[in-house]
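Below is one structure; the comments refer to it alone.
The values are calculated or read from the model by the stated rules, or taken from the named source; none is laboratory data. What you see is a predicted model; the values in this text were computed from it and never measured. In this analysis, Cβ positions are derived from the backbone assuming ideal geometry, glycine residues included, and neighbour counts consider all displayed protein chains.
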Amino acid sequence: MRVVVGIDLGSTTTKAVLIDEDGQVVGRGITNSRSNYEVACGVAREEALIATRFTSLQRELEKLGKQESARKEMIHEAFRMELYLDELAKLTAQVGRVLKGLTYVGSRATLAPAADEVLATMAEEAPQLFQVGVARKSDFFRDLAGAAFVAASEGVSVRRNVPYERLVGLFDRAVLDVETQLTTHSFGDLLARAARRVLSEDSPETQAALLEAVERVAKQPIEELTFVGTGYGRQTLPFPKDAVRSEILCHGRGAHRVFGGTRTVLDIGGQDTKAIQVDEHGVVTSFQMNDRCAAGCGRYLGYIADELNLGLHELGPLALGAKRVVKVNSTCTVFAGAELRERLSLGERREDILAGLHRAIMLRAMSLLARSGGVENELTFTGGGCKNRVATKGLGELVVQNYGEGITPDAHPDSIYMGALGAALFGLDDIRAGKPQILPTFAKAAEAAPAAQ
Amino acid sequence: MTTVTQSAATAHEAAEKDTSQVEQKRMIADHFEKLTRAKAEGKKVVYTFVPGNLTELIGALDMLPVLPEINALQSGMRKKSGAYIAEAEKSGHSEDVCTYVKCDLGMLKNGNIGPTGTKIPSPDLLLLSYTGCFTFMKWFEILKEEYKCPVVMLHVPYQSDGEITPEMRQYVVDQLRDVVIPAMEEVAGKKLDMKELARRLALSKQAEDDLVAVWESAQNRPSPIDGYFGGVYYIGPIFSAFRGTEDAVTYYRMLRGEVEARVKAGEGPMTPDGPAHEERYRLVVEGPPNWTHFNDFWRMFSREGATIVASTYTRVGGLYDTGFRHNPESPLESLADYCLGCYTNLGLPTRTDLLESYIKRYKADGFLINSVKSCNSFSAGQLVMLRELEKRTGVPGGFIESDLVDPRYFGKANIENRLQSYLQMLEARRGRASA
């Protein structure tokens, strides 16, 4: 399979999209952005490669019949668990190094066995995280392992009389190193391990047929024709200048690809919001974005989640339970935090305040939309906020209020990938125009290591 | 703008220097030298603003002009404005006050040391000859308190209908004759010699003709000039202390010669990195530049091959390319027309017409607005203009935001992001058009 890779290095998450030579999406990957941008890109790209192979596996399993096809999810979850366990082994080794580096021997003696117990508990409990049909709060190792480490530490610290903060501190220090090392996994090995785990109780014939399909998928070559990068961190991407495109152009192009009729795109990212107008070909004709201050962007909700000690993904569902929308005056992130505390102390419900905070963001976005030229027919909402149902619903209402009933608001569940999709489409243009192939260093390194496939 | 040129010359040290630049540097040094000696030699000093400046009148009365806006932008270029603004804010000026004003007040509180390192003499007169900017009035109100010196004000009616009526002209002439000139004569201690004023206005006209030729040269491909970043150097002498002097005539003749030579050689403009190598985009720019990161800002354009073929900022001290010239035959009337014709004294429809004419005449690929926080005279209504211009010309507009001299309002990553997106948008649309 020959693919073009688009990477969107955002301030919060890094996304990769693989498209084939016909421009069809074959794989998507996402990871948390981290201090090492190259690693973030490498991980996102690997996630997209994995997704591509699972698409192929689905096809192979379909050939084997409906019953086998249903196993894809099981194998997929088992595969994710194998990945998790690999990362957990790296974390365990790194925690060991952190412990060795502690200057006070006494604390090492008490912390080390406690940490061992915590990490062993995490490995034991891993299968619970990766059951088919169980919704995980996140797929990022940092989030999953962080939550598990904290949960296990609560009991262990009490039982072993070890300071909880110090125990959890080990994770914080170790995970930084774990997530800034790029290790390319052997897809074939991981998938074989996962498949064996799932198929252990099957007949030898079924096992053989399925393992053969798994092997075919693992061996299938994926040739990366070129890379195009975009996003907040694009200047620091390990790509040459020719392979970097503006995120505004990429979001416009990606959104237009999915919603061909749209002429307006609103992207709410981690630290900026962009209102983009496109023509009938998806080419940007005008845009506006927030100036300097990141008020009213994704980080605003992130900050509010921190204030409430909640996960970002929990805000939307909570706000859905609002009985009224509290008027929040400030779109300044810091002031809104203060307003939130004040409202809570006055006895307002969290749900109602959260509904108000969501509305405050959308009102700010409406101002940018107006400045960019307004909405004519259809509005496509992209960026991380799309997964938040309160945000999409609130935006839809405001758009209709401001621009009339005839407006169609769109928000694709995969809208977070629109920038990376646009980048990949630009990459395909480049290849079709005969421009030379561009492979970033991490892709070259992965190519040099055959085990990676 | 005089001092801008000086700084520009410094910025270009690595690159080859045009003779005109060397000449301008000499002129500026001479002027500041004169200012330093002013008090000892009994010369009177007049503070005034760039728009609507009455330099010929000041010169004819043997007084020396100081332009606080230029001192402020100079402080911005010399990275001193941040501290000056903080100083002004300490004394109670809000974050929303024009940063030129705060920078000037901060400089005053710090000993009023000018760009050449010497103290700028205190004013004997504050000459407010343009009221299109309300802030100017407040600025001099504050300076009046600080310096305890007289203010003379010329009220300039707004050109809301896009034309100067005979009544408007007469109203300004009457004020010049009955109020402004007598007040200036009193400070100068001498009577105005109308022949000397006319002689100076004739010199102004010569320099203005040459400057217009320089602007018009941008119709060539490649344009031999950058009409915004490079342009602010070109307006240095004419918008400040030198209009109506032999020095200015010499400078503009020299500059015009150099530009014509570049046209013949098919050369593009100078940039902070030396001569431009390619002209990928021809842009028209509306709004003042940012001064605190002037060269960084310029490089964002020049490194992408974007040349500014015309800008409105370089017309703030005179719209010569629409035909106005100082006229020795009717001195007071032409001074009145000059003050009434300031760019920021024009209504949005007139400004839009002007931008449209630039986009068409200079065959621009796009036009960009740099909207500054400090200046409502410039920034109010810019988005309306943008939409209207897109509609009329079909040329895509871009919008970036910064400030004059407050370094806190220059978000490099944000501006770069918008600018690159804008240029890539032009490229994509160009590709689409050719496809």
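Restricting attention to the stretch A:263-281, the residues being more than 9 Å from chain B (Cβ to nearest Cβ), surrounded by fewer than 24 Cβ atoms within 10 Å (Cβ to Cβ) and part of a loop (DSSP other than H, G, I, E, B) number 4. Checked against (1) touching a Phe, Trp or Tyr at 6+ places or on another chain (Cβ under 8 Å); (2) of a type outside the set (Lys, Arg); (3) under 27 Å from B:Thr131 (Cα atoms), B:Leu389 passes all but condition (3).
Can we say A:Arg160 is among the charged types (D, E, K, R), surrounded by fewer than 22 Cβ atoms within 10 Å (Cβ to Cβ) and under 29 Å from A:Glu117 (Cα atoms)? Criteria met by A:Arg160. Criterion applied to A:Gly296, A:Gly337, A:Gly302, A:Gly374 was being touching a strand residue (DSSP E or B) at 6+ places or on another chain (Cβ under 8 Å), away from chain B (no Cβ under 14 Å) and surrounded by 15 or more Cβ atoms within 10 Å (Cβ to Cβ), and the one residue passing it is A:Gly296. Screening A:Gly260, A:Gly254 for residues that are of a type in the set (Gly, Ala, Ser), more than 13 Å from chain B (Cβ to nearest Cβ) and without any contact (Cβ under 8 Å) to a residue 40 or more places away in the chain leaves exactly one candidate, A:Gly260. Scanning the stretch A:181-191 for residues that are in a helix (DSSP H, G or I) and polar (S, T, N, Q) turns up nothing. B:Val395 fulfils the conditions (1) part of a helix (DSSP H, G or I); (2) more than 9 Å from chain A (Cβ to nearest Cβ); (3) of a type outside the set (S, T, N, Q); (4) buried (at least 18 other Cβ atoms within 10 Å of the Cβ) except for a single criterion, (1).
The rows are residues; the columns are (1) touching an Asp or Glu at 6+ places or on another chain (Cβ under 9 Å); (2) more than 30 Å from A:Ala40 (Cβ to Cβ).
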position: A:Val162; (1), (2): no, yes
position: A:His185; (1), (2): yes, no
position: A:Leu191; (1), (2): yes, no
position: A:Ser203; (1), (2): no, yes
position: A:Gln207; (1), (2): no, yes
position: A:Glu215; (1), (2): no, yes
position: A:Thr226; (1), (2): yes, no
position: A:Phe239; (1), (2): no, no
position: A:His256; (1), (2): yes, no
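Exactly one condition in (1) outside any loop (DSSP other than H, G, I, E, B); (2) more than 19 Å from the chain's Cα centre (by Cα) is not met by B:Arg221; state its number. Checking B:Arg221 against (1) outside any loop (DSSP other than H, G, I, E, B); (2) more than 19 Å from the chain's Cα centre (by Cα), the one that fails is (1). Residues in the stretch B:385-407 that are out of contact with any strand residue (DSSP E or B) (no Cβ under 9 Å at 6 or more places or on another chain) and without any contact (Cβ under 8 Å) to a residue 12 or more places away in the chain: B:Lys391, B:Gly394. Each residue in the stretch A:69-92 was checked for being surrounded by fewer than 17 Cβ atoms within 10 Å (Cβ to Cβ) and more than 22 Å from the chain's Cα centre (by Cα), and 3 pass.
Which residues, taken from the stretch B:91-102, are surrounded by 14 or more Cβ atoms within 10 Å (Cβ to Cβ) and outside any helix (DSSP H, G or I)? Passing the criteria: B:His93, B:Val97, B:Cys98. Of all the listed residues (A:Lys90, A:Lys72), the sole one being of a type in the set (D, E, K, R) and touching a Ser or Thr at 6+ places or on another chain (Cβ under 8 Å) is A:Lys90. The combined condition, being in a helix (DSSP H, G or I) and facing chain A (nearest Cβ under 10 Å), is not fulfilled by B:Leu354. If you go through the stretch A:353-371 and keep only what is small (Gly, Ala, Ser), more than 14 Å from every other protein chain (Cβ to nearest Cβ) and closer than 12 Å to A:Leu266 by Cβ, you end up with just A:Ala365. B:Ile369 falls short on exactly one of the conditions (1) more than 10 Å from chain A (Cβ to nearest Cβ); (2) surrounded by fewer than 20 Cβ atoms within 10 Å (Cβ to Cβ); (3) touching a Phe, Trp or Tyr at 6+ places or on another chain (Cβ under 8 Å), and that condition is (2). Here B:Leu332 clears all of (1) modelled with pLDDT of 95 or more; (2) part of a helix (DSSP H, G or I); (3) within 25 Å of B:Cys98 (Cβ to Cβ) except the condition numbered (3).
For (1) modelled with pLDDT under 95; (2) closer than 27 Å to A:Arg34 by Cα; (3) crowded, with 18+ Cβ neighbours inside 10 Å, each residue gets a yes or a no:
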| site | (1), (2), (3) |
| --- | --- |
| A:Val98 | yes, yes, yes |
| A:Phe130 | yes, yes, yes |
| A:Gly133 | yes, no, no |
| A:Ser138 | yes, yes, no |
| A:Gly146 | yes, yes, no |
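Scanning the stretch A:240-250 for residues that are surrounded by 24 or more Cβ atoms within 10 Å (Cβ to Cβ) and more than 10 Å from chain B (Cβ to nearest Cβ) yields a count of 1.
What residue, of B:Ile308, B:Ile235, is under 30 Å from B:Gln175 (Cα atoms) and β-branched (Val, Ile, Thr)?
B:Ile235
Residue by residue, here is whether (1) part of a helix (DSSP H, G or I); (2) touching a residue at least 40 places away in the same chain (Cβ under 8 Å) holds:
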| residue | (1), (2) |
| --- | --- |
| B:Asp104 | yes, no |
| B:Leu127 | no, yes |
| B:Thr131 | no, no |
| B:Phe136 | yes, yes |
| B:Ile142 | yes, yes |
| B:Glu145 | yes, no |
| B:Arg177 | yes, yes |
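Within the stretch B:408-431, can one find any residue that is part of a helix (DSSP H, G or I), out of contact with any strand residue (DSSP E or B) (no Cβ under 8 Å at 6 or more places or on another chain) and more than 12 Å from chain A (Cβ to nearest Cβ)? Scanning the stretch B:408-431, I find no residue that is part of a helix (DSSP H, G or I), out of contact with any strand residue (DSSP E or B) (no Cβ under 8 Å at 6 or more places or on another chain) and more than 12 Å from chain A (Cβ to nearest Cβ), so the answer is no.
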